[in-house]
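The values are calculated or read from the model by the stated rules, or taken from the named source; none is laboratory data. Owing to the predicted nature of the structure, the values given are computational and were not obtained by experimental measurement. Neighbour counts run over all protein chains shown; Cβ positions are idealised from the backbone, glycine included.
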Amino acid sequence: MEFKKDTMTDKYIHRGLPTQSKLYQQGQEASPTCPRCQRNLEIQSHIFSCETDSSIEEWNKTWATTLQSLQKMGTAPDILAKWNTQIRISLNILASQLEKMTIRGCKTRRGWIQQVSENQMRIGWDLFMRGFIINDWKELQAQYEQCHPYHKKG
């Protein structure tokens, strides 16, 4: 089944991805088991935690592309580095498996990055991946753009 990217994003945010488990409940699949690992029920959270090589490779590619897009948009390097660390942990992508990406350091205060990261952790990095991003990140980005106006897009 082929889906448009926007449709899949909406389904993900609203917990409506067509997982094996959902399709099985609807009588459209013979088994609710993950077709990749053949061990666990494929529910939405399992899609992001399946430890097969093909799953990890796919998330590796997707996250690397996302990081590159964020970098091109001028996202503060310290913010990218923090997001990179947290999302790799959430998606079970080990550093050796992640495509190497150079993220240059900047003068955004590291303590603020850590505090904002802890604030995000309170609502969950899984929610971050569903689009629930705390406003503190926007404030940090604005500070970065004030110090580095050439990164500002407009």
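Worth a mention:
For (1) of a type in the set (Gly, Ala, Ser); (2) at pLDDT 80 or above; (3) under 21 Å from Ser45 (Cβ atoms), each residue gets a yes or a no:
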site: Asp78; (1), (2), (3): no, yes, no
site: Leu94; (1), (2), (3): no, no, yes
site: Ile103; (1), (2), (3): no, no, no
site: Gln115; (1), (2), (3): no, yes, no
site: Asp136; (1), (2), (3): no, yes, no
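- Candidates are the residues of the range 126-147 that are closer than 16 Å to Ala81 by Cα and of a type in the set (Phe, Trp, Tyr); the one that is nearest to the chain's Cα centre (by Cα) is Phe128.
- Of all residues in the range 53-80, those being free of Cβ contacts under 8 Å to residues at least 24 places away in the same chain and crowded, with 17+ Cβ neighbours inside 10 Å number 2.
- Residue check, Gly16 in contact with a helix residue (DSSP H, G or I) (Cβ under 9 Å, 6 or more places away or on another chain), in a loop (DSSP other than H, G, I, E, B), in the same structural domain as Met121 (by TED's automatic domain parsing) and surrounded by 12 or more Cβ atoms within 10 Å (Cβ to Cβ): no
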